[in-house]
Each structure stands twice: as structure tokens, then as C-alpha cells.
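What follows is a short report on a single structure.
The values are calculated or read from the model by the stated rules, or taken from the named source; none is laboratory data. Predicted model, so just to flag it, every value in this text is computed and none were measured. With ideal geometry, Cβ positions are generated from the backbone for all residues, glycine too; neighbour counts draw on all protein chains shown. The accessibility values were calculated without ligands, DNA or RNA, using every heavy atom of the protein model including side chains. Shrake-Rupley method; radii C 1.70, N 1.55, O 1.52, S 1.80 Å.
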Amino acid sequence: GTQESDCTWNDCVEGQFLDQTTGCTDCPADQWSAAANSDPTCTACPAGKGVASGAGTQESDCTWNDCVEGQFLDQTTGCTDCPADEWSAAANTATTCTACPT
């Protein structure tokens, strides 16, 4: 190029997006991007899944979020309500709930 305005940003590494003002920036939490990203945004994780800021390099990096109390983690569909007569505490990542005492 013959002047600074001829310069362009390099593609970003995985886990980043291209901010035209500041350059490559980590994707926000719950978003991901592949290598050679020149887009101004990252891709959101599927509903109910998340990833740490800058750590998402492909959709499979998005993992199920912890479940709230009264739910268990179904690895296919995500957080699901406990069946009757069962319970769970907050931040549950177990695949079952606990039976109530009889």
C-alpha cells in the first residue's frame, strides 16, 4: 500500500472476532468462533449452553450450563425438571435427581 488506510486487519485466531477499531478481540462468554475469523461478531452457543470468554473455538466447546434447583442435566436436551418425589440443589450437573426420603 501507499498509505496507512491501505492496511487491513489480519484474520483473527479461533475464539476471537474482528473489531475494526481495535483489532482482534476475545469472543464474549457463551459465544465461539473458528480460526481465520474476520467477522465483526462471534456465533452464539445453542440455548442452555455456554463457554468462557475467548475459549470457544467451535460449537462443541459450548457445554450445558449448570441447572437450577429442582432440575437435573439431560445430556441431550439440557436442564429438565426433577420427577415427582425427587429433588436437586442449585448448580446441579448430575444426570439424575435425589429421591425424597420415605
Cut-off under 5 Å, modelled amide H: who pairs with residue 82 long-range: 71, 72
Per the 1.4 Å probe, what fraction of the accessible area of the chain, in percent, lies on carbon and sulfur atoms? 49
Amide hydrogen neighbours beyond the local backbone of residue 41, cut-off 5 Å, H modeled: 18
Quick check: Cα centre of segment 1-47 to Cα centre of segment 60-84, how many Å? 31
For the chain, the spread of Cα positions along each principal axis, largest first, Å: 81, 19, 14
What FRET efficiency comes out for the pair residue 6/residue 35, r = Cβ-Cβ distance, R0 = 22 Å, nearest 0.05? 0.30
